[in-house]
1. Using a 7 Å offset from the Cα along the Cα-to-Cβ direction at both Glu195 and Asp53, what is the distance between the two label points in nm, to one decimal?
2. With unit charges on the beta carbons (Lys and Arg positive, Asp and Glu negative) and the dipole taken about the Cα centre of segment 22-70, which residue among Val47, Ala67, Phe33 sits farthest to the positive side?
3. Can you give the convex hull volume of the alpha carbon atoms of segment 99-170 per residue, in Å³?
4. Which chymotrypsin sites (Phe, Trp or Tyr not before Pro) in segment 99-168 sit in a loop by DSSP (not H, G, I, E or B) and have at most 13 other Cβ atoms within 10 Å of their own Cβ?
5. Can you classify segment 204-259 as rounded, prolate or oblate using the Cα gyration tensor, where a ≥ b ≥ c are the square roots of its eigenvalues, rounded means a/c under 1.5, and otherwise it's prolate if a/b beats b/c and oblate if not?
6. Enter the Cα centre distance for the pair segment 188-213 and segment 60-75, rounded to the nearest angstrom.
7. Contact order normalised by length for segment 221-291, with contacts defined as Cα pairs under 8 Å and 6 or more residues apart; what percent is it?
8. In 10 Å bins starting at 0, how do the alpha-carbon pair distances of segment 211-299 split up by percent?
Amino acid sequence: MQSSIRHYSLSDNLKRVISGERETVFRLLESRFCVEIRTRLPGLDIVPLEDADMSGILAVLDQLKIAARNGEVLDARQLERMLGPKEAPFTEAIPESPIFRNRFGISVSAKTPAQAELVKAVENNDIIFAKGPAGTGKTFLAVTLAVASLERGEAERICLVRPAVEAGESLGFLPGDLKEKIAPYLRPIHDSLSELLSTEKLRRYEETGAIEVAPLAYMRGRTLKRAFIILDEAQNTTTAQMKMFLTRLGPHSKAIITGDTSQIDLAKGQVSGLEHAMKILKGIHGIAEVEFSATDVLRHHLVKDILLAYEQNELKK
């Protein structure tokens, strides 16, 4: 057994970064790949146990090393989410480089297999539907991809839109002028932008029109060229609104449509434009679909359990 020990070269600094608090990342890797990781000497000594997956752990360590060098530090919970079920084959889901560095210099990258799938889908398609429950990071990742595209000069502007529909409320009943009425509906998108960009840069982009946040109705009659467009809360669009939005796409533009079909707030009898579009557009080249699930939830761990409980309850009906 001693002769099969594998030494893995790793600097003390990277070892400290990768290992996690109280070496929880190494403990997870030991359990996942059936090995023992010894850390007292320089580098790592990896001792295979019964049913050890040496190629798997070496591949993960390689990716963790690259990610750490690029400023991406993963804790044990994030890594476990990326690796997926133990019985599933290992896929290279760990980001090798960040999508973007936010206003604080912290790297932003895909945190789950579904998020990694969304990043790849955006690279290879012009229209992407991202459907799944709240808390999976769909909107934030979409906004990050859009901001990164703008900063790299790939897009000349970003259009972030939402339908102004909420359960039990109407714009006509809210106080203030139109701008004040629609502000609460657009707040989540503003929050994402504020986390990514400094106040000064965000203000400059908005003043020059490089970033536009608006209700869906403002898109009618427009053609958006060289733009990165995001339609959030798309489950609350009607079929006519969705058709209107999708046909705004001009040359050299991309669109991400996000939504959660379990939270449709349309009037009774109305068909969700998101569900309808995903059904009739399936299979068209250049249009991709990414499905998120409760296992991709990045909020408090109880949110995942709550969503799973609701899903199981729906199946019983």
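1. Result: 3.0 nm between the two label points.
2. Ala67
3. Numbers: hull volume 9.5 nm³, N = 72.
In segment 99-170, the Cα convex hull volume per residue is 132 Å³.
4. Numbers: sites: Phe100, Phe104, Phe129, Phe140; in loops: Phe104.
When the chymotrypsin sites (Phe, Trp or Tyr not before Pro) of segment 99-168 are filtered for loop state and at most 13 Cβ neighbours within 10 Å, Phe104 remain.
5. On the way: a/c = 1.79, a/b = 1.45, b/c = 1.24.
In terms of gyration-tensor shape, prolate.
6. Comparing the Cα centres of segment 188-213 and segment 60-75, I get a distance of 29 Å.
7. Details: 102 pairs, mean separation 27.0, N = 71.
Relative contact order, segment 221-291: 38 percent.
8. 15, 47, 32, 6
Taken together, the values in this text are just the output of simple stated rules run on the coordinates, not laboratory data. Keep in mind that this is a model prediction, so the values were computed, not measured. Counting neighbours? That spans all protein chains shown, and the Cβs are built from the backbone with ideal geometry, glycine included.
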